[in-house]
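Q: Next up is a structure, given as structure tokens.
The values are calculated or read from the model by the stated rules, or taken from the named source; none is laboratory data. Nothing here was measured: the structure is a model prediction, and the numbers come from that model. Every residue, glycine among them, receives a Cβ derived from its backbone with ideal geometry; neighbour counts consider all protein chains shown.
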Amino acid sequence: MYAPTPFGIMLKETRENAHLSQGELAETLGKTAQYISNIEKGKNNSPPDDSALLLLTQKLALNNDDAAKFRLLAYADRGMLPPELFRYVSESPTLISLITYAMNNQFSEDYWGQMLQKINKQQKGKKT
């Protein structure tokens, strides 16, 4: 049994919001509708590469934040991080320790959202 991945779910939602058929989106990549269907259903464990992702984000008219999330989810489907994120994390032992601590203590998404708000607030305070 197959289960949709977060990337497949986002692909389907954004495709439907853009009022595109699987075939129309597949044409962008020179693929078949079945290719898009398989990704959306979790049957394809090989999401598009960066050049194909760029074409998809343009066709789907994703904003910068959604395009970044889309790319990150595609890499996650491959069990990877985007190269620039991998480099940044791997070069920061403190960040690795923080992530490990958060994992071991099961920090929630809500918690991380609050932390991001605090960081943003601090950064804005420094700019004034």
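Q: With the requirement that a residue be in contact (Cβ under 8 Å) with a residue 12 or more places away in the chain, within 22 Å of GLY79 (Cβ to Cβ) and in a loop (DSSP other than H, G, I, E, B), what does the range 1-43 give you?
A: Answer for the range 1-43, where residues must be in contact (Cβ under 8 Å) with a residue 12 or more places away in the chain, within 22 Å of GLY79 (Cβ to Cβ) and in a loop (DSSP other than H, G, I, E, B): TYR2, ALA3, PRO4, THR5, GLY42, LYS43.
Q: Would you mind telling me which numbered condition in (1) in the same structural domain as LEU11 (by TED's automatic domain parsing); (2) among the hydroxyl-bearing types (Ser, Thr, Tyr); (3) loosely packed, with under 12 Cβ neighbours inside 10 Å THR57 fails?
A: Looking at each condition in turn, THR57 falls short on (3).
Q: How do the helices (runs of 4 or more DSSP H) wholly within the range 71-128 filter down when requiring 1 or more residues that are among the charged types (D, E, K, R): which remain?
A: Answer list for the range 71-128: 83-90, 109-127.
Q: Any residue in the range 48-58 that is assigned to a loop (DSSP other than H, G, I, E, B) and at pLDDT below 95?
A: yes
Q: Taking the stated definitions as given, is THR100 on the phi < 0 side of the Ramachandran plot, polar (S, T, N, Q) and outside the structural domain of LYS12 (by TED's automatic domain parsing)?
A: So THR100 fits the description; yes.
Q: Regarding the range 32-43, can at least one residue be identified that is assigned by TED's automatic domain parsing to the domain that holds ARG71, surrounded by 13 or more Cβ atoms within 10 Å (Cβ to Cβ), at positive phi and at pLDDT below 95?
A: yes
Q: Here is a follow-up. Go through GLU16, GLU24 for me and flag whichever is surrounded by fewer than 14 Cβ atoms within 10 Å (Cβ to Cβ) and out of contact with any strand residue (DSSP E or B) (no Cβ under 8 Å at 6 or more places or on another chain).
A: Of GLU16, GLU24, the one residue that is surrounded by fewer than 14 Cβ atoms within 10 Å (Cβ to Cβ) and out of contact with any strand residue (DSSP E or B) (no Cβ under 8 Å at 6 or more places or on another chain) is GLU16.
Q: Kindly list, by first and then second residue, each pair from a residue in the range 55-69 that is free of Cβ contacts under 8 Å to residues at least 40 places away in the same chain to a residue that is among the aromatic types (Phe, Trp, Tyr) and assigned to a helix (DSSP H, G or I), limited to pairs with Cβ atoms under 7 Å and residues at least 6 apart or on different chains.
A: Once the first residue is free of Cβ contacts under 8 Å to residues at least 40 places away in the same chain and sits in the range 55-69, its partners that are among the aromatic types (Phe, Trp, Tyr) and assigned to a helix (DSSP H, G or I) give THR57/PHE70.
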